[in-house]
Amino acid sequence: MSFKKGDIVSFSFEMPSTGDYVKHSAVVLSCDEMYQKEKCYLCAMMTSNGASDRFTFKLEDTMLEKPSVKADTQVRCHLITYVHEEDLGQTTSPLNRINANSMQRLLERINVNVLDN
């Protein structure tokens with residue numbers, strides 16, 4: 001099983017403020033080569049908490065293969081972690097997928113607002 005960049009998966013994400021693990025959707029940011037080398041994915045957490053700040057990347061239904069089931073869906077650009085395949089449970093296919101153009105915009109947003117000063 002190998003997920004691709006832009007796939008949306010679900011796993012228990014460690015919350016930075018509490019250390020608790022909470023199940024969240026996340027978008028795969030990494031390329032196939034990373035998976036082949038490390039057997040893990042780099043993912044950014046998704047939420048629908050309604051926050052609006054420099055780390056918010058709002059997802060409209062037109063950016064996704066299937067409409068979102070929640071209002072105010074967004075990627076939290078600064079909440080990035082790696083996840084091993086076994087942490088994805090029995091998931092064999094992505095929950096959804098971000099289209100290529102929107103994925104490129106998300107990566108640019110992460111670069112500007114998280115990695116660049």
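The values are calculated or read from the model by the stated rules, or taken from the named source; none is laboratory data. A quick note: this is a predicted structure, and the numbers were derived from the prediction, not measured. Neighbour counts run over all protein chains shown; Cβ positions are idealised from the backbone, glycine included.
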Between residues in the range 16-44 that are surrounded by fewer than 16 Cβ atoms within 10 Å (Cβ to Cβ) and residues that are of a type in the set (S, T, N, Q) and at pLDDT below 95, which pairs lie under 8 Å by C-beta distance while being six or more apart or on different chains? Tyr21/Ser12; Val22/Ser12; Lys23/Ser10; Lys23/Ser12; Asp32/Ser2
In the range 1-15, which residues are charged (D, E, K, R), surrounded by fewer than 18 Cβ atoms within 10 Å (Cβ to Cβ) and under 15 Å from Tyr35 (Cα atoms)? Lys4
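Residue by residue, here is whether (1) closer than 17 Å to Cys31 by Cβ; (2) among the hydroxyl-bearing types (Ser, Thr, Tyr); (3) without any contact (Cβ under 8 Å) to a residue 12 or more places away in the chain holds:
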{"residue": "Ala51", "(1), (2), (3)": "no, no, no"}
{"residue": "Asp61", "(1), (2), (3)": "no, no, yes"}
{"residue": "Pro67", "(1), (2), (3)": "no, no, yes"}
{"residue": "Lys70", "(1), (2), (3)": "no, no, no"}
{"residue": "His78", "(1), (2), (3)": "no, no, no"}
{"residue": "Arg97", "(1), (2), (3)": "yes, no, no"}
{"residue": "Gln104", "(1), (2), (3)": "yes, no, yes"}
Sort out which residues of the range 11-31 are polar (S, T, N, Q), under 11 Å from the mean Cα position of the chain (by Cα) and assigned to a loop (DSSP other than H, G, I, E, B), and write them in order of number. Ser30
When the residues of the range 64-100 are filtered to those that are farther than 24 Å from Glu14 by Cβ and within 15 Å of the chain's Cα centre (by Cα), which remaining residue is surrounded by the most Cβ atoms within 10 Å (Cβ to Cβ)? Arg97
